[in-house]
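A.B. asks: Got a structure for you, questions after.
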Amino acid sequence: MRLRDSYAPGALWRGARDNLGIGVAVSGYGAVFGVLTAGKGIALADMVAMNLFIFAGAAQFLIVEMWTPTAVVAEIILAALIINLRYLLVGASLRPVFTGRPLHHKALGMHLVADENWAVTMNGVARAGGVNGGAMPGPAHLLGGGLCLAAFWHAASAAGHVAGNFLPAPHVLGLDFAFTAVFLALALGLWKGRGDLLPWIVTGATAWIAAEMLPGKWYVLIAAAAGFAATVIQHALSGGAENGANGEEALSDA
Amino acid sequence: MPEAWSLTLDPLTLVIIGVAIGTYALRLGGLLLAERLPRRGPIAAGLERLPGIVLLALVVPAVADLGLPGLAAAALTAVTALATRNPLIAMVAGAGAIAGLRALGWA
């Protein structure tokens, strides 16, 4: 199978077009990322490298927030990868899109998978077949969407980085709290219902105590482990009937 | 080994390389291991909720550090986020609240 069979220009373009609306929303977020990155004294070239090679918004915000010249490299890498563990499930859910494609087509298509173009393409997957349904979206739809989002993300974050150099000290504008506010807003968007209450209390309490007692950012990893354990135990105890429903819900509205 | 081999990388470059390789491995690994990953059940539920949990773990100590003004700004952020469903507007509200409290000398 030739590369063109998976990534035809017309299909790439359709994927890009379907992501235009969400791309505009992403650029607002990208501009904030650029401003905060400049505020941390991170060079434009380093930010561009992050955008090119990592391409994952929440993890990039986390890296910039945790970054200081004396930070422990392993702590930051681990915390960012824990945030990105969800891509295991995102990747798994994309199996129908890549059915029958050779490995190098899969390898090419997966790098630019973000939450946004994943959601747009999965929407097409859900509507494929059926009476009024269209064709199953292919890898080109996903990659076209990723390229569209990347274009917005690169442009907006570069603009934000340049503008950030002209803004007053981050402290004066409350930009140090901007990270916390973004993280809080994103976390609330990920709330899946009352079942999350107990794991969130466990996570918050563990983070608070661990941050008081331990140096550096280890509290992030410890609280994440505690919250994960609380979620798993709660779901294991709540039994089989609920598990099925939760599993489906988990994959459909991440 | 010659001295020239002791090539030192800037720590931020190391972070970017590590996260980039790891994230790509997770993306492609998920697709390649699709049949072996739990699609439902407790482990899948836990993995699915990790992003929210990690973000919360970052938020709580940061808010606690700022004390009462931090709590007020966090409450305003949360209300704005729930009302608008827009992280950007919520961020402006939260950061603006802290900036305002600082300008007034209350934070």
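The values are calculated or read from the model by the stated rules, or taken from the named source; none is laboratory data. None of these values were measured; they are calculated from a predicted model. Neighbour counts are summed over all protein chains in view; Cβ atoms, including those assigned to glycine, are modelled from backbone coordinates with ideal geometry. Just the protein is used for accessible areas: all its heavy atoms, side chains included, with ligands, DNA and RNA removed. Shrake-Rupley method; radii C 1.70, N 1.55, O 1.52, S 1.80 Å.
Let's see how each residue does on (1) at pLDDT 95 or above; (2) of a type outside the set (F, W, Y); (3) in contact with a His (Cβ under 9 Å, 6 or more places away or on another chain):
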| residue | (1), (2), (3) |
| --- | --- |
| A:G146 | yes, yes, yes |
| A:A151 | yes, yes, no |
| A:H154 | yes, yes, no |
| A:L167 | no, yes, no |
| A:F179 | no, no, no |
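A.B. asks: Residues that are more than 7 Å from chain B (Cβ to nearest Cβ) and modelled with pLDDT of 90 or more, at least 1 per element: which helices (runs of 4 or more DSSP H) completely within segment A:69-112 meet that? Explain how you work it out, then say what you get.
C.D. replies: Working: elements: A:73-83, A:86-93, A:103-110.
The qualifying helices (runs of 4 or more DSSP H) are A:73-83, A:103-110.
A.B. asks: List the residue pairs whose Cβ atoms are under 7 Å apart, where the first residue sits in segment B:79-97 and is more than 21 Å from A:V172 (Cβ to Cβ), the second is open to solvent by 40 Å² or more (accessible area, probe 1.4 Å) and of a type in the set (F, W, Y), and the two are 6 or more positions apart or on different chains.
C.D. replies: Once the first residue is more than 21 Å from A:V172 (Cβ to Cβ) and sits in segment B:79-97, its partners that are open to solvent by 40 Å² or more (accessible area, probe 1.4 Å) and of a type in the set (F, W, Y) give B:P87/A:Y29.
A.B. asks: Given the criterion more than 7 Å from chain A (Cβ to nearest Cβ) and without any contact (Cβ under 8 Å) to a residue 24 or more places away in the chain, identify the matching residue among B:P51, B:P38.
C.D. replies: B:P38
A.B. asks: Would you confirm whether or not segment A:117-126 contains a residue that is over 14 Å from A:N19 (Cα atoms) and under 15 Å from the mean Cα position of the chain (by Cα)? Explain how you work it out, then say what you get.
C.D. replies: Here is the first cut: in segment A:117-126, the residues over 14 Å from A:N19 (Cα atoms) are A:125-126.
With under 15 Å from the mean Cα position of the chain (by Cα) added as a condition, the list becomes none.
So far as segment A:117-126 goes, no, none of its residues is over 14 Å from A:N19 (Cα atoms) and under 15 Å from the mean Cα position of the chain (by Cα).
A.B. asks: Do any helices (runs of 4 or more DSSP H) entirely within segment A:123-237 hold 2 or more residues that are open to solvent by 60 Å² or more (accessible area, probe 1.4 Å), and if so, which?
C.D. replies: Numbers: elements: A:139-164, A:175-189, A:197-213, A:218-237.
Ranges flagged: A:139-164, A:197-213, A:218-237.
A.B. asks: Also, I was wondering about something else. Only one of (1) among the small types (G, A, S); (2) at pLDDT 90 or above; (3) farther than 27 Å from B:D10 by Cα is not met by A:G21, so which one is it?
C.D. replies: For A:G21, the failing item is (2).
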